[in-house]
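One structure is given below, encoded as C-alpha cells.
Only the coordinates and a few stated rules stand behind these numbers; no lab work does. Note that the structure is predicted; figures quoted are calculated from it, not measured. Positions of Cβ are generated from backbone atoms using ideal geometry, with glycine treated the same way; all protein chains shown enter the neighbour counts.
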Amino acid sequence: MEIATLCSVDRRWLSVRAINRGKQPSLAQLRAFAAVAEHLHFRDAAAAIGMSQPALSGAVSALEETLGVTLLERTTRKVLLSSAGERLAVRARAVLDEVEALMEEADAVRAPFTGALRLGVIPTVAPYLLPTLIGLVHEKYPDLDLQVHEEQTSSLIEGLGAGRLDLLLLAVPLGVPGVTELPLFDEDFVLVTPLDHWLGGREGIPREALKELNLLLLDEGHCLRDQALDICREAGRADAPVTTTAAGLSTLVQLVAGGLGVTLLPRTAVRVETSRSNQLLTGFFADPAPTRRIALAMRTGAARAAEYEELAAALREAVRPLPVRVV
C-alpha cells in the first residue's frame, strides 16, 4: 500500500475516533444495559427499571453504537453478554453507583434525615427492635422515608455492597472489608425450656450444661444458629447434632413448648416469643453469660455517614428500657 493511501486510512481512523469520543452515553442507556447485564432477559430487565421493552432494547442498541462495540449476543431464546459486554457492565454499574452516591450526597447536604432510607434487618432482630426504631424515626425524623427489608445476613451484606440497601441492623462482628459497624448494644442469651425440664426457670446455669442438652436450632443461614453453635463449642461440646430445625424463632419456641428440646433466645426476644405459651420456662446463665452484639452497619465512606452515626446514637438511648447493655 502506498504511503499516501496509508496516510488516508490513518486520517479516516483518527476521524472516527474523534467522532466517537465526541459522543457520550446517557444515564438511561447505562441503566438499560446494566439491567440487561443483571437479568439477561429483556422483559425482566425492562420491568426492573420501569422501562418499556422496546425502549430498553433501543437504549442498549444506541449505547452499542455510541461505544462502537457489541455488548450483547442476542438469540431467539436468550441474551448473553459478549466479552466486551462483560467488561463494560462492571464499568457501567460503577458509573451508576457513583451517580447514585452523588444524588445521596446532594440530598444529605440539602436536608438531613429526608428521603428514603433502605434498612436491612435480620429476622432475629426485626420483630423485637423495629417497634423501638420505628417509634424513634416517627418522633425524631418524621420526614425520613424508612423502608425495611428483612433478610438473612449474607443477603443483607450483598445488598449493602451492591447499593440496594443503605444501612443494616444485625449481629456483629461481620469482618467485611468496606463495611463500618456502629455498635448499639450487647444482650445475653437465655435458655428456654419446657415446664418439666430440670433447668427450667433456674439462674446461674453453667455453660457446661449445654453439653448434654437436646438443643433446637434455626435453619442454616441464620446468624443466630451459628452463634448458638459457637456457644456450644465454647462450653466444650464438640458437636451439636441437629435433628429438628425451624425457619423462625416463633416456631422454634413452639417446638420447645411441645417438649422436643430446649433452645437459646436473645433477651430482647423472650417477652414476645414466650408469651404465646404457658408451657415454657426461662433459665439464666451464670456470669459471664453468652451474648451477642447488635449494631448498625454502613458502607465505609457513605455519603450519609454523619446521619447514620446520629441515628445510632439516638437508637442507643431509645433501647435503654430493653433488657440490653448499651455500648
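The table below gives the values:
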item: Dipole of the chain [Lys/Arg +1, Asp/Glu -1 at C-beta], most positive-end residue of A89, P321, P25; result: P25
item: Cβ-based charge dipole, the chain, positive-most Cα from L249, T300, Q227; result: T300
item: Degrees separating the helix 27-39 axis from the principal Cα axis of the chain, which is the longest one; result: 60 degrees
item: Gain on full stretching of the segment that runs from R233 to L322 - 0.36 nm per residue minus C-alpha separation; result: 29.2 nm
item: Label point distance in nm, S82-I134, each placed 7 Å from Cα along Cα→Cβ; result: 5.0 nm
item: At q = 0.09, 0.14 Å⁻¹, base-10 log of I(q)/I(0) for segment 47-206 (Debye sum, equal scatterers on each alpha carbon); result: -0.53, -0.96
item: Separation of alpha-carbon centers, segment 260-321 and segment 112-126, rounded to whole Å; result: 15 Å
item: Dipole axis of segment 185-290 (+1 Lys, Arg; -1 Asp, Glu on Cβ), positive-most option in L265, N278, L191; result: N278
item: Diffusion coefficient, µm² s⁻¹, Stokes-Einstein with Kirkwood Rh over alpha-carbon pairs of the chain at 10 °C and 1.306 mPa s; result: 67 µm²/s
item: Nearest-ten-degree value, helix 3-22 long axis tilted from longest Cα axis of the chain; result: 40 degrees
item: S277/E212 FRET efficiency (R0 35 Å; Cβ-Cβ; nearest 0.05); result: 0.90
item: Residue with peak Gaussian network fluctuation, the chain [Cα springs, cutoff 10 Å], from L265, L144, L296; result: L144
item: Lys, Arg +1 and Asp, Glu -1 on Cβ, resulting dipole of segment 186-327 about Cα centre, debye, nearest 20; result: 160 debye
item: Mean separation of Cα contacts under 8 Å, 6 or more apart, over the residue count of the chain: relative contact order %; result: 20 percent
item: GNM flexibility winner over the chain from Q53, Q24, Q279 (Cα, springs under 10 Å); result: Q24
item: For the chain, built as a Gaussian network whose Cα springs stay under 10 Å, the top-fluctuating residue of L71, L252, L210; result: L71
item: With Cα atoms, 0 to 90° folded angle of helix 53-67 axis to the chain main axis; result: 60 degrees
